[in-house]
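Here the structure is laid out as structure tokens; the discussion comes afterwards.
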Amino acid sequence: MSKFIIQKDVWNVIPNLAVGVLVLKNVQENKKLSTTQEEEIKSLLDNANSNAKKYLTSDVISENDVVKIWRETYQRFPTKKGARCSVENLLKRVLHNNPVGSILPSVDITNAISLEYALPIGAEDADKFDGDLTLDIMHGDEHFLPIGSETEEPPLKDEIAYKDNYGVVCRCLNWRDGQRTQISDDTTREFIAMECVEPERLDDLKEAIDKLASLMTKYLDAEIVSKDILTIENNEINLN
């Protein structure tokens, strides 16, 4: 039985890290939604874009609290120049009056939750994992082919990333996904991670992962395999 494991050395670098994990099966990524369902998801995303403005009290993206805390977190380990938490990119669009638009139902749902709670979310095709998935400190020679690239870009030594037996799945916590495990129309089993580094927001993290699970089951017929918040005291979860 494969697992997702956060190696305990990670907490030496990011002491307040908590990761909400949702594992789904029988996800219908290519499901034909009704017009009503499409409108509901569009409304969900529109509302999330609007509600995300509450996190943007400054016109300088780096001065906003939810961005500042992630930039400080990224300074705790080596990162590629310009690497940013995924939620910063979404909030930057809202700040510049360029709201996050519709892509695919599952992407719209995850983007909506990410904006609503200002928490980064990443989704992977769990059937593409080679053995256990771990969040770990990298050696620097792991395989990684990013989405949209034809050239391998291995992580830096001591970078924190998601990896399996073959190589890296997502670099710099939640910055950049790899091609090998990216979600496609054929994906039916998904691993979704949502990170939080603010202890006072653990209730938000729990609420967000619960809401995401509800929406994925409602609109894409997903079935929940596992759902939990991982911490140093509870650092692994089954993927099957």
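The values are calculated or read from the model by the stated rules, or taken from the named source; none is laboratory data. In this text the structure is predicted, and so the values were computed from the model without any measurement. Virtual Cβ from ideal backbone geometry, glycine too; neighbours counted across all protein chains shown. Surface accessibility is based on the protein's heavy atoms, side chains included, excluding ligands, DNA and RNA. Shrake-Rupley method; radii C 1.70, N 1.55, O 1.52, S 1.80 Å.
Over all distinct Cα pairs, what is the inverse of the mean 1/r for the chain, reported as the Kirkwood hydrodynamic radius in Å?
By the Kirkwood definition, the hydrodynamic radius is 18.0 Å.
Taking 0.36 nm per residue of sequence separation and subtracting the Cα-Cα distance, how much length would be gained by fully extending the chain between GLU150 and TRP11, in nm to one decimal?
46.7 nm
Counting only heavy atoms of the protein chains, get the accessible area per residue of the stretch 1-103 (1.4 Å probe) and round it to a whole Å² value.
Accessible area per residue: 54 Å².
Out of residues 5 or more away from ALA222 or on other chains, whose amide H comes under 5 Å of its own, with H placed 1.01 Å from N in the peptide plane?
Those qualifying (amide H under 5 Å, at least 5 residues apart or on another chain) are GLN28, THR217.
Of the residues LYS54, LYS128, LYS227, which exhibits the maximal mean-square fluctuation in a Gaussian network model of the chain defined by a 10 Å Cα contact cut-off?
The residue with the greatest mean-square fluctuation here is LYS54.
Aspartates and glutamates near LYS128 by alpha-carbon distance under 17 Å, same-chain residues fewer than 8 away left out - which ones?
Partners found: GLU29, GLU142, ASP164, ASP177, ASP185, ASP186, GLU190.
Work out the length of the dipole vector of the stretch 1-52 about its Cα centre, built from +1 on the beta-carbon of each Lys and Arg and -1 on the beta-carbon of each Asp and Glu, and round it to the nearest 20 debye.
320
Along the positive direction of the dipole of the stretch 95-168 (beta-carbon charges: Lys, Arg +1; Asp, Glu -1; about the Cα centre), which of ASN97, ILE109, GLY167 reaches farthest?
Projecting each Cα onto the dipole axis, the largest value belongs to ASN97.
What's the carbon and sulfur percent of the chain's accessible surface, probe 1.4 angstrom, rounded to a whole number?
Summing carbon and sulfur atoms, their accessible area is 44 percent of the total for the chain.
Return the calculated 222 nm mean residue ellipticity for the chain, to the nearest 500 deg cm²/dmol, obtained by summing -39500 (n - 2.57) across DSSP H runs with n ≥ 4 and dividing by the residue count.
The per-residue figure over the chain is -9500 deg cm²/dmol.
How about LYS8: which aspartates and glutamates have a C-alpha closer than 12 Å to its C-alpha, ignoring those fewer than 8 places off in the same chain?
Straight-line reach from LYS8, under 12 Å: ASP136, GLU233, GLU236.
Just need the relative contact order of the stretch 1-90 here, percent rounded to a whole number, with Cα pairs under 8 Å and 6+ apart.
Answer for the stretch 1-90 is 23 percent.
For the pairs LYS31/LYS211; LYS31/LYS53; LYS81/LYS163; LYS54/LYS211; LYS32/LYS206, flag any whose C-alpha to C-alpha distance is greater than 25 Å.
LYS31/LYS53; LYS32/LYS206
Hey, what did the stretch 1-152 get for relative contact order, percent, Cα under 8 Å, at least 6 apart?
Reported relative contact order: 37 percent.
Where the only charges are on Cβ atoms (+1 Lys, Arg; -1 Asp, Glu), what is the dipole of the chain about its Cα centre, to the nearest 20 debye?
Dipole of the chain, to the nearest 20 debye: 440 debye.
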